[in-house]
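K.L.:
First, the structure itself, so that you have it in front of you.
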Amino acid sequence: MMFNLCLEVTKNASKASAIIIHRFDALEQQVLNALSFMFPRHLFTIGPLQLLLNQIEEQDGILNSIGYNLLKEETECLQWLDCKEPKSVIYVNFGSFIFMNKLQLIEVAMGLVNSNHPFLWIIRPDLVTGETTDFPFDLEVEAKGKDQPTNCRYTCNEWGVGLEIVNSEDDNRVSRNEVEKQVRELMEGEKGKQMRNKASEWKRFAEEAAAPDGSSATNLEKFVNQVLLSKGPFESQGSHLCWENMCLLVQAGTSSLGFGKSPLLGEHVPPGSSGDF
């Protein structure tokens, strides 16, 4: 599904009046430089959306209906989170397209439980398929395996906010011991401290980009004036818009454990979205 979506977006890119990428410039400057060379006139990096949205003054409840989650937000967990110490809860989210098989999911779940750290696990309704699984802590989920090595590489190597969970050589599956080990390193170890510092640094870059004179805010204004309100050269190219989304998330397989408050979403990460507590 994701491959077909990316293929379709790539085909339509050359026809688009504008290409909007949910990024801020500092996050992937090399990639953006290459894309800007390919699409020099109509590439706009606009993100993080939530930080940009936070700057708009609410009027008559108009903005209450604006959001960017695919699923309905469930805020019941916030009261539970408020009872926990800062930086003490692991946020687990397999995103919109990730699937796992039953055994993999059990291993991840038991690794989280055995780490003895509280965690908040967001479960999509469509994550559960076929026969359900009985968990010792009342979770019933099943999934189908799929890796995201590109996300893993950027989260772990490029941005420094993730740890890779290595599959077992015997059966190429994630083991509960490996999950527990990496969670403990994330929450207690020196690498975890370094990741916390990097997450704070990316958060600062995101806030700077979304500030009134920042790159994302400037690009948003350019997009409105040059594309939506313009009757100039963009108009003849049609009205297609290509959206490309990015997230940090906890994954299995060749995967990553994200740390700290999401550098992409700022202070508040609503349930059902991507990011980490």
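The values are calculated or read from the model by the stated rules, or taken from the named source; none is laboratory data. Computed from a predicted structure; not experimentally measured. Every residue, glycine among them, receives a Cβ derived from its backbone with ideal geometry; neighbour counts consider all protein chains shown. Side chains included, ligands, DNA and RNA excluded: accessible areas come from the protein's heavy atoms. Shrake-Rupley method; radii C 1.70, N 1.55, O 1.52, S 1.80 Å.
To keep it simple, each residue is scored yes or no on (1) in a helix (DSSP H, G or I); (2) touching a residue at least 24 places away in the same chain (Cβ under 8 Å).
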| site | (1), (2) |
| --- | --- |
| Tyr154 | yes, yes |
| Val174 | no, yes |
| Asn177 | yes, yes |
| Glu180 | yes, yes |
| Arg184 | yes, yes |
| Lys191 | yes, yes |
| Arg204 | yes, no |
| Glu207 | yes, yes |
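K.L.:
Also, I was wondering about something else. Select from region 9-37 the residues that are modelled with pLDDT under 85 and open to solvent by 30 Å² or more (accessible area, probe 1.4 Å) and write down the one among them that is nearest to the chain's Cα centre (by Cα).
P.N.:
Result: Val9.
K.L.:
If you don't mind, there's one more thing I want to ask. Could you check region 204-216 and list, in sequence order, the residues that are out of contact with any strand residue (DSSP E or B) (no Cβ under 8 Å at 6 or more places or on another chain), open to solvent by 20 Å² or more (accessible area, probe 1.4 Å) and under 18 Å from Gln29 (Cα atoms)?
P.N.:
Arg204, Phe205, Glu207, Glu208
K.L.:
Next up: Please name all residue pairs, on different chains or six or more residues apart, with Cβ atoms under 6 Å, provided the first residue is in region 21-35 and is among the small types (Gly, Ala, Ser) and in a helix (DSSP H, G or I) and the second residue is surrounded by fewer than 19 Cβ atoms within 10 Å (Cβ to Cβ) and modelled with pLDDT of 90 or more.
P.N.:
The qualifying pairs are Ala26/Phe205.
K.L.:
Could you say whether any residue in region 112-123 is under 23 Å from Glu180 (Cβ atoms), open to solvent by 30 Å² or more (accessible area, probe 1.4 Å), of a type outside the set (Phe, Trp, Tyr) and modelled with pLDDT under 60?
P.N.:
no
K.L.:
May I pose another question? Is region 126-142 home to any residue that is part of a helix (DSSP H, G or I), at pLDDT 75 or above, of a type outside the set (Gly, Ala, Ser) and out of contact with any helix residue (DSSP H, G or I) (no Cβ under 8 Å at 6 or more places or on another chain)?
P.N.:
No, every residue in region 126-142 fails to be part of a helix (DSSP H, G or I), at pLDDT 75 or above, of a type outside the set (Gly, Ala, Ser) and out of contact with any helix residue (DSSP H, G or I) (no Cβ under 8 Å at 6 or more places or on another chain).
K.L.:
Next question, about the same structure. Among (1) under 22 Å from Glu180 (Cβ atoms); (2) under 23 Å from the mean Cα position of the chain (by Cα); (3) open to solvent by 70 Å² or more (accessible area, probe 1.4 Å), where does Glu85 come up short?
P.N.:
(2)
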